[in-house]
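The values are calculated or read from the model by the stated rules, or taken from the named source; none is laboratory data. Predicted model, so just to flag it, every value in this text is computed and none were measured. Quick reminder, even Gly has a Cβ in these numbers, built from the backbone with ideal geometry, and neighbours come from all protein chains shown. Protein only, heavy atoms only, side chains kept; ligands, DNA and RNA dropped before computing areas. Shrake-Rupley method; radii C 1.70, N 1.55, O 1.52, S 1.80 Å.
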Amino acid sequence: MEILSYDPARFADLPDYPFAENWVTIDLGEGHSGRMHYLDEGPKDAPPVLLFHGEPSWSFLYRKMIPVLVDAGFRCLAPDLIGFGKSDKPDDQGFYTYARHVDWLEQWRAQVVPQPAALFCQDWGGLLGLRMVGNNPDQFACVVASNTFLPTGGTPSPAFLAWREFAKSSPDFMIGDLLQRATFTDRSEAEIAAYDAPFPDERSKAGARAFPQLVPVEDGMAGISDNEAAWEGLAAFDKPFLTLFGADDPVTGGLGETLSSKIAGAKGQSHEILSGCGHFCQEDRPRELAQGVIDTAKAAGFLG
């Protein structure tokens, strides 16, 4: 297996992405290490908010939300998961596991922002972030979740099964086009290119192809027992928990109410299903999402 590093030339002139690079080294396991890239915008002593992306995006997804959140008084931290964005990419699909992704993200947090923080999470950012909330609720001041869930087996939807098979076997696995199809608004050619930038060849897409296969949506899959254990803490999480889901998402759009009904801190919050909003809600409704984070953090007494 080889650990692939990003090509800076592919990330030149990204639209609306003027952010400085930050790096930490992560123990990937089996004797391998890799560099994890992240954004760190806003005053270092400001209340931190963690912005976790999912499949197959990267921190570019948060470029529209970060300025709003920084102006509101946050320190914004947005990592590129291992296998995505500017972070290093093991080129073996079999090396990626749910447990490793959680461990890699927890290593990043321990090095960069170990203090309590607000969380915004979407897609796999929620599968990772919500487990972290369940396992260590005291480390989170509040949560806003969008188009995500913490699955524990069951019966997957036909839409998800189709997506999983496509990601596994389709020769036409173009990441920028996937982002275009999963948003309600149109992406520019430069934005599509920005989502393609981390993936110059097939080897670099190993993590992106692996992620859908790791979602524990069927009984017996790895990760179910860990998620069941995390649900005990997540269900009891009594600090403000808001769901803002995109209505125009055939895979996760209907899960907002299901998620909010299970978590103590979600009671009485102004949950919303956003119209004109696809799976990658950060592209379609960034200001509404950022305002949701601001309002939730203020309700928690975390942001003045």
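Using modelled amide H (1.01 Å from N, peptide plane; none on Pro or chain starts), what sits under 5 Å from the amide H of Phe140, excluding residues fewer than 5 places away?
For Phe140, whose amide H was placed from the backbone, the distant partners under 5 Å are Ala117.
How big, on average over all directions, is the shadow cast by the Cα convex hull of the range 63-166, in nm²? Please list the in-between numbers first.
Numbers: hull surface 32.6 nm².
Its Cα hull, projected and averaged over all orientations, spans 8.2 nm².
Given Cα pairs under 8 Å that are at least 6 residues apart, what percent is the relative contact order of the range 60-175? It would help to have the intermediate numbers written out before the result.
Details: 78 pairs, mean separation 19.5, N = 116.
RCO, the range 60-175: 17 percent.
Quick one: compute a quarter of the convex hull surface over the Cα atoms of the range 1-133 and quote it in nm². Don't skip to the end; give the middle numbers.
Values: hull surface 31.2 nm².
Taking the Cα atoms of the range 1-133, their convex hull projects to 7.8 nm² on average.
Evaluate 2.2 N^0.38 Å with N set to the residue count of the range 129-202, then give the Cα radius of gyration divided by it. List each step's numbers first, then the result.
Numbers: Rg = 16.4 Å, N = 74, 2.2 N^0.38 = 11.3 Å.
The value comes to 1.45.
Looking at the range 138-263, what % of the alpha carbon pairs are farther apart than 17 Å?
Values: 5283 of 7875 pairs.
Result for the distance tail: 67 percent.
Can you work out the Karplus-derived ³J(HN,Hα) for every residue in the range 35-49? Use 6.51 cos²θ - 1.76 cosθ + 1.60 with θ = phi - 60°, whole Hz, and x for glycine or proline.
8, 10, 8, 8, 8, 9, 10, x, x, 5, 9, 7, x, x, 10
Considering only DSSP beta bridges with both partners in the chain, what is the antiparallel share in %, to the nearest 5? Mind dumping the intermediate values first?
Values: 13 of 32 bridges.
Once the DSSP bridges in the chain are tallied, antiparallel ones form about 40 percent.
What fraction of the Cα pairs in the range 252-304, stated in percent, has a spacing above 13 angstrom? Could the numbers behind the result be given before it?
Working: 892 of 1378 pairs.
Here the long-distance tail beyond 13 Å is 65 percent of all Cα pairs in the range 252-304.
Could you tell me which of Phe84, Leu50, Ala117 has its Cα farthest along the dipole of the chain towards the positive end, charges placed at Cβ (Lys, Arg +1; Asp, Glu -1), taken about the Cα centre?
Ala117
Ranked highest first by average number of other Cβ atoms within 10 Å, how do 182-192, 155-165 line up? Kindly include the intermediate steps, with their values, before the conclusion.
Details: 182-192: 15.7, 155-165: 14.1.
Result, highest mean Cβ count within 10 Å first: 182-192, 155-165.
Would you mind checking which residues have amide H under 5 Å from Asn22's amide H? H placed 1.01 Å from N; only 5 or more apart, or other chain.
Long-range HN contacts for Asn22: Tyr38.
Suppose a student asked you for the relative contact order of the chain, using Cα pairs under 8 Å spaced at least 6 residues apart; what percent would you report? Before the final figure, lay out the partial values.
On the way: 624 pairs, mean separation 65.0, N = 304.
Dividing the mean separation by the residue count of the chain yields 21 percent.
Whose amide H sits under 5 Å from the amide H of Leu242, counting only residues 5 or more places off or on another chain, with H placed in the peptide plane?
Val143, Val144, Ala145
Residue by residue through the range 5-18, what is 3J(HN,Hα) from phi via Karplus (6.51 cos²θ - 1.76 cosθ + 1.60, θ = phi - 60°)? Round to whole Hz and write x for glycine and proline.
Couplings: 9, 6, 9, x, 5, 6, 10, 6, 6, 5, x, 6, 9, x Hz.
Among Ala141, Gly29, Ser169, flag the residue with its Cα farthest along the positive direction of the charge dipole of the chain, charges on Cβ as +1 for Lys/Arg and -1 for Asp/Glu.
Ala141
Pull out the extension gain between His32 and Asp71, defined as 0.36 nm times the separation in residues minus the alpha carbon to alpha carbon distance; nm, one decimal.
Working: separation 39, 0.36 × 39 = 14.04 nm, distance 3.88 nm.
Extending this stretch completely gives an extra 10.2 nm.
To the nearest 20 Debye, how big is the dipole of the chain about its Cα centre, given +1 on the beta carbon of each Lys and Arg and -1 on that of each Asp and Glu? Could the numbers behind the result be given before it?
Numbers: 24 positive and 43 negative charges, 116 e Å.
So the magnitude is around 560 debye.
With +1 on each Lys and Arg Cβ and -1 on each Asp and Glu Cβ, how big is the dipole of the range 40-173 about its Cα centre, in debye rounded to the nearest 20? If you can, show how the numbers build up before the last one.
Details: 11 positive and 15 negative charges, 30 e Å.
So the magnitude is around 140 debye.
Rank by packing, highest mean first: peptides 32-40, 166-174, 262-270, with packing defined as the count of other Cβ atoms within 10 Å averaged across residues.
Numbers: 32-40: 19.1, 166-174: 12.1, 262-270: 16.3.
With the highest mean Cβ count within 10 Å placed first, the list reads 32-40, 262-270, 166-174.
How many angstrom lie between the Cα centre of the range 12-77 and the Cα centre of the range 156-214?
What the calculation gives is 20 Å, centre to centre.
What list of ³J(HN,Hα) couplings, whole Hz, do you get for the range 242-247 from phi and the Karplus terms 6.51, -1.76, 1.60, once you set θ to phi - 60° and write x for glycine and proline?
Result, ordered by residue: 10, 10, 10, 10, x, 6 Hz.
Kirkwood Rh over alpha-carbon pairs of the range 198-304, then Stokes-Einstein at 4 °C and 1.567 mPa s: what D in µm² s⁻¹, rounded to an integer? Intermediate values should be presented prior to the final figure.
Values: Rh = 16.1 Å.
For the chosen part, D equals 80 µm²/s.
For the chain, what does the helix formula give at 222 nm: sum of -39500 (n - 2.57) over DSSP H segments with n ≥ 4, over the residue count, nearest 500 deg cm²/dmol? Let's see the in-between values first.
Numbers: 11 runs with 104 residues, N = 304.
Mean residue ellipticity, 222 nm, calculated: -10000 deg cm²/dmol.
In a solvent-free Debye calculation with one equal scatterer on each Cα, what is log10 I(q)/I(0) for the chain at q = 0.14 Å⁻¹, listed in the order of the q values?
The Debye formula, applied to the Cα set alone, gives -1.03.
Using the heavy atoms of the protein chains and a 1.4 angstrom probe, tell me the accessible area per residue for the chain in square angstrom.
Working: 11700 Å² over 304 residues.
On a per-residue basis, 39 Å².
Express the carbon and sulfur contribution to the solvent-accessible surface of the range 36-140 as a percent, rounded to the nearest whole number, probe 1.4 angstrom. Walk me through the numbers on the way to the answer.
Values: 1190 of 2490 Å².
Heavy-atom surface of the range 36-140 belonging to carbon and sulfur, 1.4 Å probe: 48 percent.
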